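Let me begin by presenting the structure, written as structure tokens, before commenting on it.
The values are calculated or read from the model by the stated rules, or taken from the named source; none is laboratory data. Everything numeric in this text was worked out from a predicted model, so none of it was measured. Cβ: placed from backbone, ideal geometry, glycine included. Neighbour counts: every protein chain shown. Just the protein is used for accessible areas: all its heavy atoms, side chains included, with ligands, DNA and RNA removed. Shrake-Rupley method; radii C 1.70, N 1.55, O 1.52, S 1.80 Å.
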Amino acid sequence: MTATDTTPSRTAARTRAAAAALAVTAAGIDLGAKAWANSALPGAPVHLGLLDLRLAFNSGVAFSLGDSLPAWAVIAVTGVITAAIGVFAWRAAPQSRAAAAALAVILGGAAANLADRAADGQVTDYLHTGWWPTFNLADVFIVCGGFAVVALSWRRPDHERDQSPAT
């Protein structure tokens, strides 16, 4: 490894590239699952016990909030939010690989739902519990990424750890 391989800008570029690849992968997995659900699940739910596979469509956002709004408004708002997450992830990547990964899965989930919604104004859902609104993998990515961001925010930065007195 050369000295230039460990420069902060090179490390930031690698972290950003890995985060972008993770976001694209998460979005691809969800969009593939949505395509499968659209072809395999209409009128034929699959009962798996605690989690069923059941096709549903959501014209709103989380928990169908805003389902009475025009599709263009929901697409515009979610597009702006998705772009903001992308900018935030880009800026945060050099500080923490873990935070970059968490933000990448949020971005991948948000982008997948936005792409799905752009086609017909609604998001395809296919995971059903019976006690929770039907959802999709993109929603799982967004929620898990959000929990990871919160958990990571509880960690003390390395420079604070280094300055703590030894006990």
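Structure values in brief
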quantity: Sites L69 and T7, calculated FRET efficiency, Cβ-Cβ separation with R0 41 Å, nearest 0.05; calculated: 0.30
quantity: Placed amide H near S59: partners under 5 Å, 5+ positions off or other chain; calculated: V123
quantity: Segment V140-S153, length gained on full extension (0.36 nm per residue, minus Cα span); calculated: 2.7 nm
quantity: Spin-label zone in segment 10-48 - amide nitrogen under 20 Å from a point set 7 Å from the Cα of Q95 along the C-beta vector; calculated: 10-20, 23
quantity: Accessible surface of segment 87-133 [probe 1.4 Å, protein heavy atoms]: carbon and sulfur percent; calculated: 65
